[in-house]
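As structure tokens, the structure follows; a few thoughts come after it.
The values are calculated or read from the model by the stated rules, or taken from the named source; none is laboratory data. Every value quoted in this text rests on a predicted model; they were computed, and no experiment measured them. Cβ coordinates were reconstructed from backbone atoms using ideal geometry, including for glycine residues, and neighbour counts include every protein chain displayed. These area figures cover heavy atoms from the full protein model, side chains too; ligands, DNA and RNA do not enter into them. Shrake-Rupley method; radii C 1.70, N 1.55, O 1.52, S 1.80 Å.
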Amino acid sequence: MLYLINDRTVLFGLHELEGVGWRTIDRLASGVSGAYSCLLDAEPADLVAFGLKPSAAEHICSKLTVPFIEGRLEAYERSRVSVMTALDSDYPPLLREIAQPPWILYFRGDMRVLERPSIAMVGTRSPTAYGKKMAFELGRDLSAYGACVVSGLARGIDASAHRGALTEAGSTAAVLGCGPDTVYPLENASLYAEIEEKGVLLTEYPLGTQIKPGLFPQRNRIISGLSLGTVVVEAADRSGSLITADQALEQSRDVFAVPGPVTSPKSSGTLELIRQGAKMVASAEHILEEYGRLVPLGGRRRENAVGADYAATEDERKLLGLLSAAPVTFDELLTLTGFEFGHLHSVLLNLILKKKIAPLSGSSYMTL
């Protein structure tokens, strides 16, 4: 198949070359004033004049050819992966504003979901039941208002936020820390497929990029860069989620934090963010009131899980607000409600008899 070779596809080919990183492309972009096509006829001495080392210049001049570019374009077409470049008019405008915007975005799904106001949600990979519930419900409610929830498809808070967003209209975007053809972690394979169908999966890493720990902190700048603000749900003191929060601040974006028990190590990072000035939030409304012109709070929102046909007591409503489709243990409910042991047991029993919740093994409960 013949492909159009122009500045856009030459930039793509340059990005596909092994050993060519962001700074190398930046030097070349400055040297050719964005007219990447002229690199096809460049000599190594020309590239050295732009600040490249001789070995790098030789490598690029020998490898960056029309057959190479066409071969790589064909590989992406076979893999059902689309390509967006920094030269494209529909490149996400918020992402252009960060210090090192990706030259290339590889994606599966519909990039148009990012035209919605976007909010990032991040947190620990090993959350408590409270953290999973908050991530799911915030993701769901933000999506119900029409926002796009951006996260990283990691286990834990990321996955819960994506799943919540997929239940409503606003959809979700997952920024991968690997190539677009790699599902990581494997336990999220079904979630990967659902996001591809209803949202978008994107990455700056080419096909075949192997899993490396250092790639994930690097991709976090994209999560925050795509978003108006970043919500940290649960994070320990040295959590990678705090890196995303720091990058959001460096990008002059808002940072929000969900409070948790002061005795929980999973909440120590978020509590510190609040102490340092992050806005404390407990609902989608607390986040979106910062962006009233973009996401009107008059929009559709999900009704309370307690149906209008059910007259619950105040304590029953409190418990139903804490329970979700994810199991929550009796001990966690004791901590979250502050109820006495006997009273909590009585309220739970009433809800079971009224068929509003179900008991599970390990003294845990979930909503029906």
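For segment 118-134, what are the residues that are more than 12 Å from the chain's Cα centre (by Cα), closer than 19 Å to CYS148 by Cα and either small (Gly, Ala, Ser) or open to solvent by 30 Å² or more (accessible area, probe 1.4 Å) (or both)?
Once the filter is applied, which keeps residues that are more than 12 Å from the chain's Cα centre (by Cα), closer than 19 Å to CYS148 by Cα and either small (Gly, Ala, Ser) or open to solvent by 30 Å² or more (accessible area, probe 1.4 Å) (or both), segment 118-134 yields only LYS132.
Considering each of GLY164, GLY177, GLY170 in turn, give the residue that is assigned to a helix (DSSP H, G or I), within 15 Å of the chain's Cα centre (by Cα) and either β-branched (Val, Ile, Thr) or buried (at least 17 other Cβ atoms within 10 Å of the Cβ) (or both).
GLY164
Checking ALA159 against (1) in contact (Cβ under 8 Å) with a residue 60 or more places away in the chain; (2) within 13 Å of the chain's Cα centre (by Cα); (3) part of a helix (DSSP H, G or I), which test does it fail?
(1)
For the structure I just gave you, tell me whether LYS53 is of a type in the set (D, E, K, R) and surrounded by 14 or more Cβ atoms within 10 Å (Cβ to Cβ).
Here the answer is no, as LYS53 does not meet what is asked.
If you go through segment 310-320, how many residues are open to solvent by 40 Å² or more (accessible area, probe 1.4 Å) and either of a type outside the set (Gly, Ala, Ser) or at pLDDT 80 or above (or both)?
Of the residues in segment 310-320, 5 are open to solvent by 40 Å² or more (accessible area, probe 1.4 Å) and either of a type outside the set (Gly, Ala, Ser) or at pLDDT 80 or above (or both).
Each row is one residue, and each column tells you yes or no for (1) surrounded by 24 or more Cβ atoms within 10 Å (Cβ to Cβ); (2) over 29 Å from ARG275 (Cα atoms).
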| site | (1), (2) |
| --- | --- |
| GLU196 | no, yes |
| VAL200 | no, yes |
| PRO213 | no, yes |
| ARG221 | yes, no |
| THR230 | yes, no |
| LEU242 | no, no |
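What pairs can you find where one residue is in segment 264-282 and under 19 Å from LYS132 (Cα atoms), the other is open to solvent by 20 Å² or more (accessible area, probe 1.4 Å) and aliphatic (A, V, I, L, M), and their Cβ atoms are less than 7 Å apart, with a gap of 6+ or different chains?
Short answer, once both residue conditions are applied: PRO265/ALA236; LYS266/ALA236; SER268/ALA236; GLY269/ALA236; GLY269/LEU242; LEU271/VAL262; MET280/ILE274.
In segment 187-224, which residues are in contact (Cβ under 8 Å) with a residue 40 or more places away in the chain and farther than 15 Å from THR172 by Cα?
Within segment 187-224, GLU204, TYR205, PRO206, LEU207, PHE216, GLN218, ARG219, ASN220, ARG221 meet the criteria.
Results for (1) touching a residue at least 24 places away in the same chain (Cβ under 8 Å); (2) in contact with a helix residue (DSSP H, G or I) (Cβ under 9 Å, 6 or more places away or on another chain); (3) open to solvent by 40 Å² or more (accessible area, probe 1.4 Å), shown as yes or no for each residue.
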residue: GLY21; (1), (2), (3): no, no, no
residue: SER30; (1), (2), (3): no, no, yes
residue: ASP41; (1), (2), (3): no, no, yes
residue: ALA45; (1), (2), (3): no, yes, yes
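Any idea which of ALA248, ALA278, ALA257, ALA235 is surrounded by 18 or more Cβ atoms within 10 Å (Cβ to Cβ) and closer than 24 Å to LEU105 by Cβ?
The conditions single out ALA248.
In segment 284-306, which residues are at pLDDT 90 or above and open to solvent by less than 40 Å² (accessible area, probe 1.4 Å)?
Result: ALA284, ILE287, LEU288.
So that you can scan it fast, the table gives a plain yes or no per residue for (1) modelled with pLDDT of 85 or more; (2) more than 26 Å from GLU234 (Cα to Cα):
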{"residue": "ALA257", "(1), (2)": "yes, no"}
{"residue": "THR263", "(1), (2)": "yes, no"}
{"residue": "ALA282", "(1), (2)": "yes, no"}
{"residue": "ALA308", "(1), (2)": "no, yes"}
{"residue": "LEU322", "(1), (2)": "no, no"}
{"residue": "LEU333", "(1), (2)": "yes, no"}
{"residue": "VAL347", "(1), (2)": "yes, yes"}
{"residue": "ILE352", "(1), (2)": "no, yes"}
